[in-house]
Number of protein chains: 4
Amino acid sequence: MSRQPDKRTAILLATLKLIAERGFHGTPTSMIAERAGVGVGTIYRYFKDKDQLIHTLYEELEAKNKAFVYQGYEEERPVLDRFQHLCRNIYRYLLANPLEFRFLEQYFDSPYGVAKMRQKLDSAGEPFHALLKEGKRQGLVKDMPPTLLFGLIFGPMINVIKDHDSGLLKLDEVLLERLIEATWDAIKK
Amino acid sequence: MSRQPDKRTAILLATLKLIAERGFHGTPTSMIAERAGVGVGTIYRYFKDKDQLIHTLYEELEAKNKAFVYQGYEEERPVLDRFQHLCRNIYRYLLANPLEFRFLEQYFDSPYGVAKMRQKLDSAGEPFHALLKEGKRQGLVKDMPPTLLFGLIFGPMINVIKDHDSGLLKLDEVLLERLIEATWDAIKK
Amino acid sequence: MSRQPDKRTAILLATLKLIAERGFHGTPTSMIAERAGVGVGTIYRYFKDKDQLIHTLYEELEAKNKAFVYQGYEEERPVLDRFQHLCRNIYRYLLANPLEFRFLEQYFDSPYGVAKMRQKLDSAGEPFHALLKEGKRQGLVKDMPPTLLFGLIFGPMINVIKDHDSGLLKLDEVLLERLIEATWDAIKK
Amino acid sequence: MSRQPDKRTAILLATLKLIAERGFHGTPTSMIAERAGVGVGTIYRYFKDKDQLIHTLYEELEAKNKAFVYQGYEEERPVLDRFQHLCRNIYRYLLANPLEFRFLEQYFDSPYGVAKMRQKLDSAGEPFHALLKEGKRQGLVKDMPPTLLFGLIFGPMINVIKDHDSGLLKLDEVLLERLIEATWDAIKK
DNA sequence: AATGAATGAGAGTTCATTCAT
DNA sequence: TATGAATGAACTCTCATTCAT
């Protein structure tokens, strides 16, 4: 048929869209193949099985996400600036990519992603982790376990974006800034 | 064989446990029946189908939950007191009933519960809703859409409890109070 | 509950109605019990199993039918008169009892009744059988195997009544007489 | 396993045989698959569900049947000739294909086929319909509703073939001609 | 005698995965 | 390398039948 330059990408994209739209159990491999414009068997040339396809999709999305979030991040700026910068970026990324958000949400809430999630957020190597640590040292941020601080930051984020995507709420630039401010209020000393 | 006094309850309990453990799609009706110590057919004497079984389980849990949460709630106390009271109760309930938390989480994140959740939290009739409204009127709470305030309150809650249940975090009374305080910081003016 | 004077009869009647309405496979025993106003278990006090219930119903209907058909039948009248008399009675009975017709039709066309049907129609003892034999002897009726003559008589009957019951055709007294006449034309020499 | 060149045909054939032998409700899909030498899932590659499989089988049989019946039919021949021609062809077809007869019988007597049957036989477009109309116009055929005439023709046919297939009757060429003659006697003026 | 809650065999259907082409 | 026809395990649900009350 048409010259598919990269079937692997087509499969991943189809998977993203379909799972965002219909959930894991609503998207059979045959449907993914159809949407991707490839044969069912082809999926198994690029991925061991359906699970691995989904894990791989997650990894790629994660990398893309991270690249975006830390873009323009400057270690030497004040803590609050950096906090706002990171939050803004995350919000913007997820609002701009609702499909990815829907997918990630499902991924983390399913047996697939339970393990993955924490390994990501809590890894001490993360700049965000380091930022909070520094904030605490400077006496700006509440002296709480990082996991709890993360909960105070990412918890609202997930909720609010979900509501935005479902139309319950209209997030604009102004509201976003106020939201980030409120999040800072929650963690600041 | 064994004289089960209340098979309906046994089925609901088995469903709760299994779905909390393994998710919706990981728990076939045959497994529920086995765990409940009844025949497969018996499930269908009490519930029209699997969907209805799950809805019913949700309804019953919801009622139990609500009864607990609004227990000892007094309209005439100050806004902050009432806020703390409700938050405390919700946290305590969910921490004491991790299976139910796990189930509700799945329920709300699945096609089953999307509609239900907001209808519940955002409905103007809810005391929590009224409380925030009053807080705003008194100039104590930020002037934001209620949906956003809910996100700032329940977002951290869901995250933190999940982390507690998965062992990532050890929540004690002290930490809980500090968490509720931080949540208040987020929404207070 | 209400004083059921004859549960057995109630069960048979419910079975007749339901099977006529919905077919064998559309009528579970539970439905029969409900319609009959008895418990499911009660059916099994009167009948060994569902098959036997249906066979019994057939037998009773058959007896009732036969009693009606041979009513007023006089051996000494001319062959044609007797033929018309019997046909008229059968037609009238089946038209007056569409439920029974529906049931019998299903019964004969199912594994249940294949054997039964012939045992009935071809038994040499039947007056109808004797009538045709006499008609042949008198040179009034075609010299064909009785089975074939029966086909020429009962075949149209079944078809026409089915069409009448389904509303495709409106049978009145006049049309009925013409139909019986046509049937006689088919078998007469 | 075995290289089946046409599984679809194998499935249809197995369905025909089994339903003729055992009725609709006596033939589970698993049995069809086994008899056809395919996996259960394969049935669903070719047919949406069991109903559609059966409808399709009917359509194909019907087409084959019709092709045979109207073979050699010449509009310009006399009415009686044409009547005999069609009857002969139908009889021959059904006698030569007892499985198809058994299947069609079941199909028409089940919820599947009620609508189909009349739509077919009575539709004004059918040559048989036109033939009877012409016969009436020429004063050869009794002035009765077509439905009734159809009953007089097809009623005996169904009965007699059933008896032949069940061994109650041995139809040969001679008997067949006499039967067609008798049918004509029934409808002729 | 009458009941109906309980049962599990068996129904129709789906879908991740394989493999001959 | 790419395909999609073929598969059967596993799913949800039905219903004739049993048996303790």
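The values are calculated or read from the model by the stated rules, or taken from the named source; none is laboratory data. In this text the structure is predicted, and so the values were computed from the model without any measurement. A quick note on method: Cβ atoms are made from the backbone with ideal geometry, for glycine too, and the neighbour counts reach across all protein chains shown.
A few remarks follow.
- Residue list for the range C:149-169, restricted to those being without any contact (Cβ under 8 Å) to a residue 40 or more places away in the chain, in contact with a helix residue (DSSP H, G or I) (Cβ under 7 Å, 6 or more places away or on another chain) and not polar (S, T, N, Q): C:149, C:150, C:151, C:152, C:154, C:155, C:156, C:160, C:163, C:168, C:169
- The residues of the range B:34-55 that are within 7 Å of DNA strand F (Cβ to nearest atom) and within 14 Å of chain C (Cβ to nearest Cβ), listed by number, are B:41, B:44.
- Residue check for residue A:72: exposed (fewer than 15 other Cβ atoms within 10 Å of the Cβ), over 30 Å from residue A:163 (Cβ atoms) and not charged (D, E, K, R): no
- Qualifying residue in the range A:149-156 (condition: over 18 Å from residue B:177 (Cα atoms) and in a helix (DSSP H, G or I)): yes
- As a summary of the residue check, residue A:184 satisfies the conditions (1) part of a helix (DSSP H, G or I); (2) over 19 Å from the mean Cα position of the chain (by Cα); (3) free of Cβ contacts under 8 Å to residues at least 12 places away in the same chain except for the one numbered (3).
- Taken residue by residue, the range C:51-64 has no member that is among the small types (Gly, Ala, Ser) and in contact with a helix residue (DSSP H, G or I) (Cβ under 9 Å, 6 or more places away or on another chain).
- Just one of (1) within 14 Å of chain C (Cβ to nearest Cβ); (2) more than 11 Å from DNA strand E (Cβ to nearest atom) fails for residue D:12. It is (1).
- Scanning the range B:150-189 for residues being aromatic (Phe, Trp, Tyr) and surrounded by 22 or more Cβ atoms within 10 Å (Cβ to Cβ) gives a total of 1.
- Qualifying residue in the range B:112-123 (condition: of a type in the set (Asp, Glu) and modelled with pLDDT under 95): yes
- Selection from the range B:34-56 of residues that are part of a loop (DSSP other than H, G, I, E, B) and of a type in the set (Val, Ile, Thr): B:38
- Restricting attention to the range A:20-33, the residues being within 11 Å of DNA strand E (Cβ to nearest atom), in a helix (DSSP H, G or I) and touching a residue at least 12 places away in the same chain (Cβ under 8 Å) number 5.
- Those residues of the range B:40-74 which are of a type in the set (D, E, K, R), in contact (Cβ under 8 Å) with a residue 40 or more places away in the chain and more than 16 Å from DNA strand E (Cβ to nearest atom), in sequence order: B:60, B:62
- Filter pass, residue D:142 being charged (D, E, K, R), over 16 Å from the mean Cα position of the chain (by Cα) and modelled with pLDDT under 95: no
One line per residue, one yes/no per condition, for (1) surrounded by 17 or more Cβ atoms within 10 Å (Cβ to Cβ); (2) closer than 15 Å to residue B:106 by Cβ; (3) in contact with a strand residue (DSSP E or B) (Cβ under 9 Å, 6 or more places away or on another chain):
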{"site": "B:11", "(1), (2), (3)": "yes, no, no"}
{"site": "B:16", "(1), (2), (3)": "yes, yes, no"}
{"site": "B:22", "(1), (2), (3)": "no, yes, no"}
{"site": "B:26", "(1), (2), (3)": "no, yes, no"}
{"site": "B:34", "(1), (2), (3)": "no, no, no"}
{"site": "B:46", "(1), (2), (3)": "no, no, no"}
{"site": "B:50", "(1), (2), (3)": "no, yes, no"}
{"site": "B:53", "(1), (2), (3)": "yes, yes, no"}
{"site": "B:60", "(1), (2), (3)": "no, no, no"}
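- Subset of the range C:156-168 that is modelled with pLDDT under 90 and within 7 Å of chain D (Cβ to nearest Cβ) - its residue that is farthest from residue D:154 (Cα to Cα): C:168
- Any hit, the range D:94-108, residues being of a type in the set (A, V, I, L, M, F, W, C) and within 16 Å of DNA strand E (Cβ to nearest atom): yes
- Residue count for the range A:169-181 under the criterion of being part of a loop (DSSP other than H, G, I, E, B) and within 7 Å of another protein chain (Cβ to nearest Cβ): the result is 1.
- Count - residues of the range B:136-151 that are of a type in the set (Val, Ile, Thr) and within 7 Å of another protein chain (Cβ to nearest Cβ): 1
- Members of the range C:75-88 that are without any contact (Cβ under 8 Å) to a residue 24 or more places away in the chain and crowded, with 18+ Cβ neighbours inside 10 Å: C:85
- Being within 11 Å of DNA strand F (Cβ to nearest atom) and within 14 Å of chain A (Cβ to nearest Cβ) is a property that holds for residue B:27.
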